[in-house]
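Have a look at the structure below, then the notes.
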There are 2 protein chains.
Amino acid sequence: VILINGEQRSQLDVADRGLHYGDGVFETIAVRDGKPQLWQAHMARLTEGCARLKIAEPDQQLLLNEAQQLCDDSDSAVLKIIVTRGVGGRGYRAPTTQEPTRIVANYPWPEYADDNTPYRLQFCHTPLGHNPALAGIKHLNRLEQVLARNEWSDDTIHEGLMSDCDGNVIEGVSSNLFAVRGGALLTPDVSRCGISGVMRGKVLMLAKELGIPFTITTIHRDEIVGMDGLFITNSILGIRPVAQLEQTRYRENAITTRLVEALPFALEEMA
Amino acid sequence: VILINGEQRSQLDVADRGLHYGDGVFETIAVRDGKPQLWQAHMARLTEGCARLKIAEPDQQLLLNEAQQLCDDSDSAVLKIIVTRGVGGRGYRAPTTQEPTRIVANYPWPEYADDNTPYRLQFCHTPLGHNPALAGIKHLNRLEQVLARNEWSDDTIHEGLMSDCDGNVIEGVSSNLFAVRGGALLTPDVSRCGISGVMRGKVLMLAKELGIPFTITTIHRDEIVGMDGLFITNSILGIRPVAQLEQTRYRENAITTRLVEALPFALEEMA
């Protein structure tokens, strides 16, 4: 079921700039027991994305009402919210009067999210281009992720890691990456490319609360082999430990275990 | 008037991957006297783009029929063709059975295209990210261009020049750039970012025919001031001389004049 500007519809105006230029942002939100999780954090990133692209942000209460309209009380689901600059003519210039399009869609909760098997990862070849103007926000220009995700079809590979043109690992195709080394947590800087994940932010807050030292830094592809442990995060998976990346196997480690155990309580408090 | 998969429609399935990821390519084609110009060259780039993104390319004769269906015999118009990977579910992975969406749309011929005033340009701040996997093709991830075009609203500025993160000038927001220096033609390399314009290709062919030496090279922003002349190209403008870039004024120069004069005949032969 999909709501476009509040109306139940399955069709969008073909002149929408979301189609022509990817001129918009989106959020992917976990819904448990009918409640959108980490709503405030998702809305904060949506606000940031709209501000960076100079798109008028839809009213958040309106979005929440529409989200709840799509979710039954007992539902687990994945909610996708898209906000575009709206309909426009030919050409990149934004129309002087903008009427943003808001799309709220409901997808089934995926089985893989409830199964806690550690993940097997590979490196992707498709690089992430540096673009500070777009880095961090969850915009609709996602061809790099599409190309990277389509590098493999082997279902025993759960996620691919993407690097920038300098060979620094930035993130997974649809997740953020964390590494554990010498009792500390590391996660790649996403100020030149990559997405600043909502779950990444929550894990950093949790690490701080638990007194686990962490650094937001540069991690070169060649350094990954030497890490004590890896995990990935996103709003649907939460924290997912990595068992294997290419030929390197990773064992359980104390920091990851502590974070995995503490996360549900932390999310409840934040909800 | 717009045809979506051959049907006259104004609405697109909201699940189209063109919207969700910018997962597709497009062409902007000049139509004069009802005839799409440089059709072969546009189709060659569309083929290249679809191949790079692994999207099944629509039949070119079908696209031509649809284009002609939209254009009267006497029309000047701008034709936009969009090809997306089609409808999909949530997630970057391409559906196993792909049914690409083709959109053929007709826009009015713009007045500025027939007025030959030399252009006034500025530098844009929004950088172009390097991404060899996407460079050259005319894909639907165009947020960099949207941000760059919205850096100015002064109508006396006709075009903005975009540079990569190293400060090398790559192209205009919706055009390619050429420079003249010491009797030779230079144009930026578009193998790491930028679009390989159809008109750019034709101008390079024309330079070769006319015996004008040319180089595809790196041009740093700081070198631009020292050029003898500049012009930009695209399918709608053809060749447009640049009179001014920021505070630097450029005079008419012999090479640009020769190319401007020879272009209409060359295009007729190529048509």
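Things to note:
- Spacing of the modelled spin labels on A:V260 and A:E111, each 7 Å from Cα toward Cβ, amounts to 2.1 nm.
- Between B:E7 and A:I157, the modelled labels are 3.8 nm apart [label points 7 Å from Cα along Cα→Cβ].
- Binned Cα-Cα distances of the protein assembly as shown, short to long, each 10 Å bin given as a whole percent: 3, 18, 27, 25, 16, 8, 3, 0
- What the protein assembly as shown shows is 42 Å² of accessible area per residue, with the surface traced by a 1.4 Å probe over protein heavy atoms.
- Top positive-direction residue, dipole computed over the protein assembly as shown with Cβ charges, set B:V180, B:G18, A:I239: B:V180
- Neighbouring Cβ atoms from other chains, within 10 Å of the Cβ of residues in B:84-91, number 3 on average.
- Over all pairs of different C-alpha atoms in chain A, the reciprocal of the mean inverse distance, the Kirkwood hydrodynamic radius, equals 19.5 Å.
- Residue mean of other protein chain beta carbons inside 10 Å, B:92-98: 4
- Rounded Å value of the spacing that divides the Cα centres of the range A:136-206 and the range B:168-207: 34 Å
- Stokes-Einstein translational diffusion, the range B:1-125 - Kirkwood Rh over all Cα pairs, 0.692 mPa s, 37 °C, in µm²/s: 207 µm²/s
- Chains B and A together bury roughly 4800 Å² of accessible area, counting both sides, with a 1.4 Å probe on protein heavy atoms only.
- Cβ-placed point charges (K, R +1; D, E -1), dipole of the protein assembly as shown about Cα centre in debye, nearest 20: 660 debye
- Part-to-part distance (alpha-carbon centres) for the range A:1-27 and the range A:220-271, which is given in Å: 34 Å
- Taking every residue in A:147-159 and counting other chain Cβ atoms within 10 Å of its Cβ, the average works out to 2.
- Of all lysines in the structure, the ones whose alpha carbon falls short of 28 Å from that of B:K35, not counting any fewer than 8 places away in one chain, are B:K80, B:K138, B:K202, B:K208.
- In the assembly of identical copies, A:E7 has its label point, taken 7 Å from Cα in the direction of the beta carbon, separated from the corresponding points by 1.8 nm (ascending, one decimal).
- Ligands, DNA and RNA left out, the accessible area of the protein assembly as shown computed with a 1.4 Å probe is 48% carbon and sulfur.
- In chain A, Cα pairs under 8 Å separated by at least six residues give a relative contact order of 18 percent.
- Volume per residue of the convex hull around the Cα atoms, evaluated for the range B:124-271, comes out as 113 Å³.
- FRET efficiency estimate (nearest 0.05) - Cβ-Cβ, B:A51 to A:R221, R0 22 angstrom: 0.20
The values are calculated or read from the model by the stated rules, or taken from the named source; none is laboratory data. Note that the coordinates shown come from a computational prediction; the quantities given were computed from them, not determined experimentally. In this analysis, Cβ positions are derived from the backbone assuming ideal geometry, glycine residues included, and neighbour counts consider all displayed protein chains. Accessible surface is based on the protein model in full, side chains and every heavy atom, while ligands, DNA and RNA are left aside. Shrake-Rupley method; radii C 1.70, N 1.55, O 1.52, S 1.80 Å.
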